[in-house]
1. At what distance in nm do the modelled label points of Ala467 and Glu340 sit from each other, each positioned 7 Å from its Cα along Cα→Cβ?
2. Each label point is 7 Å from the Cα along the Cα-to-Cβ direction; what then is the distance between the points at Lys459 and Phe692, in nm?
3. Grab the eigenvalues of the alpha-carbon gyration tensor for the range 471-522, scale each by 5, take roots, and send me the semi-axes largest first in whole angstrom.
4. Just to verify a number: FRET efficiency for Asp90 and Ala597, C-beta to C-beta distance, R0 = 60 Å, to 0.05?
5. Percent relative contact order of the range 415-483, based on C-alpha pairs within less than 8 angstrom and at least six residues apart?
6. Can you compute the FRET efficiency between Ala702 and Leu405 using 1/(1 + (r/R0)^6), with r the Cβ-Cβ distance and R0 = 45 Å? Round to the nearest 0.05.
7. Which Rg and Dmax, in Å, describe the Cα atoms of the range 378-435?
8. Which whole-number percent is the relative contact order of the range 550-622 (Cα, under 8 Å, 6+ apart)?
Amino acid sequence: MHLAARPAFVARGLEVESRRLERAGGFTEVTAPRGWTSARIEAWLDWADRLPDDDPSDEPLDRLLGGGPDRHARRLAAWGLKLGYFDSEDDAASFRRMLFDLFATGLAAPGPTLSFGVRAQALADDPVRSPPTAILAIEDPACTAAFRGEPDPKLAAVADAIARCEGDDAACADPATNQALARAALEARAAGASEADIAEAMALRRADFAPAAPHIALARRESLDAPDPAAALAGEIGWKTGALTLALSVEAAQALELARIAPRAALMALVDPDDLAAAVRLLVIALDIEVSAGFVADPADACRRRDHRPIALCLAGVGETLTRDGLAFGAAAGIARAAELHRRVQEAAHETSLELAARLGPYPAAESDRRRNSQLTCAIDDPDLDLKLGARGLGAAPWPGPKRLAETSDGEVFPVLDEAALAGLTLVGVDLDEARTWVLGAGVLDNAPGIDHAALLAKGFTDHEIAAAETAMAGAEGLRQAFAPAVIGTGFVGDVLGASPEAMADRCFDTLAFAGFSAEEIAVAEAYALGTGSLAAASFLADDEPFLAADEIALDARLAMVAAVQPFIDAPPVAILDLPFAADPDEAVRLQARAAAAGVQVLRIQRSGPPAGFTLDIPQPAEARPEAPPRDRIIERVVEVDRSRRRLPHRRKGYIQKSTVGGHKVYLHTGEYDNGELGEIFIDMHKEGAAFRSLMNNFAIAISIGLQYGVPLDEFVDAFVFTRFDPAGPVTGNDQVRSATSILDYVFRELGVSYLGRADLAETGGGELDSDNLGVGSGESEPQALARYISRGFSRGAPPDNLVFLPTAARPGPRAAEVCPACGDIALVRKGQALICETCGARQPREAESET
């Protein structure tokens, strides 16, 4: 086949740059067109990694996008020359060069390419080629069987609670008035069902549907206009799963199935109109070579038994083309222009197919019209193709909008105006700088309406906070995020504006609103600084319809576009019917009927997910009261008291334990309350490094504060004993702990033995200390507890808690004295045959001596 001279889409003067991307195997240096995002480049690299390794040529490659586009073009050129597509090597080289140029400029993209010899079923099961949707053909009214799975019993109970209710339908579906429904919903929630699942079960029952697993049914097209069970069934599937593509004829369903397993490519409608036919011819030849080479590569391929060899060519960027030409998507001129583009692509594809059939012979399924291929054009939804083209809509999809992302060579992503918007705005004579400010924002608040620098300074902001917020605007989603306390400083927001730490910790805290700016002022300033992201209602546009984005175009306009272009597409486009999350299944059925009435052949319900933090308001059901209260009732009252710090006395007791752990000297100091309870510790290691020594000191302070706030010592002991880290080893200087696995293990084993009586932590038996020689009291008038004068830890808990000191009267000189039973003073002395107290004068008979 002879190829025409190089068209205008050749890559002369293509601007490229070196990019460093992180992939699964590490960082990779890639040559890519300037401005492409990393996601788009990675999509091309992933495609290149899956290319078949059956290239018979060994010529050098152009390294653009990892060499994938040139490798694919070189491979197809070599196979085309071998299979008789081209008359000479020059024709094959021209084909390779033009196909590479079409890919390099981003005007076309190949679909996922699997190794040849893969069977049709494997192609259909491939998740990249085949979206996870079921295709349902509605044709025969007698065939209404549904293949249902068993519903979740808890969700079925929710539906049953509504079905069993007698009375008003709205009241029966409200948990606040239907106690049985409230109980069933709470049980489903406790069993693990999500809030969205419970809400869907309630909505299905309200619409007289029963919760079920995905199913398949058949019915007439006309049944969509009436309350037909099959139409309701299809609406339920689409509403619940969003995974049902509904074809209103068997032919449309078959065409979609063929498109799913066919090698495919996409062509941008932005190609110069004079070169559109040449680009279509080039891609049809490339796809046909791909199919033919696959049969030759594996003669045993099961695909040889098929009576057709389908290919699929999708037209992309129709919405961008209309915007570039200043045509509204839903207007008659825009619809006519889109239909004309698809007609020209279909004609060029069919002409190329006839040319291939005349040269190489038609395939069996195409012999009736003598074409080469049984299917040529399609509008299938393919996210992989869409990403490789730079997020352009396929088929009859509207324009995504004027704002798109570009990326620098160092990976910085920034928003820019779309090329179609630039061309369309230039066509209508709009100032592009004004348009950029409207869409992308000024990036600063100087001269902003509502909130400018002067207004911020009047509220107490300084140039420092304003500069920090304007720097954060580049990546912020709104002014609230740019003026967040973490950005401009929590100290300023707290000290100057007066916000409490609790208020600033709230995720919804708005600094500007707290400073006194109204919601209207914030919204106007935000639109000026960050842009609207849209050209709708732009003040500089007399007519904004050519520049409306996909979410701004009415459903009727989108349905009219699909109905207009589908006669020129062999595999018809899928009309996406959007539903909000709160819509019920009946609304899905009505949307199906509306699309069918507009002439759409294939449709799919797409319901939005639940909003963030969605929660059902399910009240606790009222419990039935018993007829008579039980006689015996135990009432417990729990009073929660705020913890407060119990400080140690200024003069306190304790002990010091000196030991050596693994050759490292450790001093353990303890401080106790008057009752002997441990209240603080200090850990000193004087010959360690400053960092480790400071860390141990601060650790001891943290433990001390925890003890003073009421944390039980045994909690610390259980947490830190037997921890392992250096220094560790033998312990000397401690008669209870002989080895330790770390400093913390030693310290808390010592504390556990001394203060908790944890003999299981000691390595030798603890002997009782002699506590007789305690000295003489200071003359207190009442008995005092022993714990006030001796460290319980030092004595290892040996003295019993009921031991007390008795008050005494000091007497000079050494004398033998006994305790007086009358006054308690140690002042009984022997005088003759009796004991006389020198303090109170009480006289004890002789027999009292033995008692004393």
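1. 5.6
2. 5.3
3. Numbers: eigenvalues 57, 36, 19 Å².
Semi-axis lengths for the range 471-522 are 17, 13, 10 Å.
4. Numbers: r = 55 Å, r/R0 = 0.92.
According to the calculation, E is roughly 0.65.
5. Relative contact order, the range 415-483: 21 percent.
6. Calculated value: 0.40.
7. Answer for the range 378-435, Rg first and Dmax second: 13.9, 39 Å.
8. Averaging sequence separation for qualifying contacts and normalising by length gives 35 percent for the range 550-622.
Quick note: the coordinates plus some simple rules give every number you see, no bench work behind them. Because the structure is a prediction, the values reported are computed rather than measured. Heads up, the Cβs are rebuilt from the backbone with ideal geometry, glycines too, and the neighbour counts pull from every protein chain shown.
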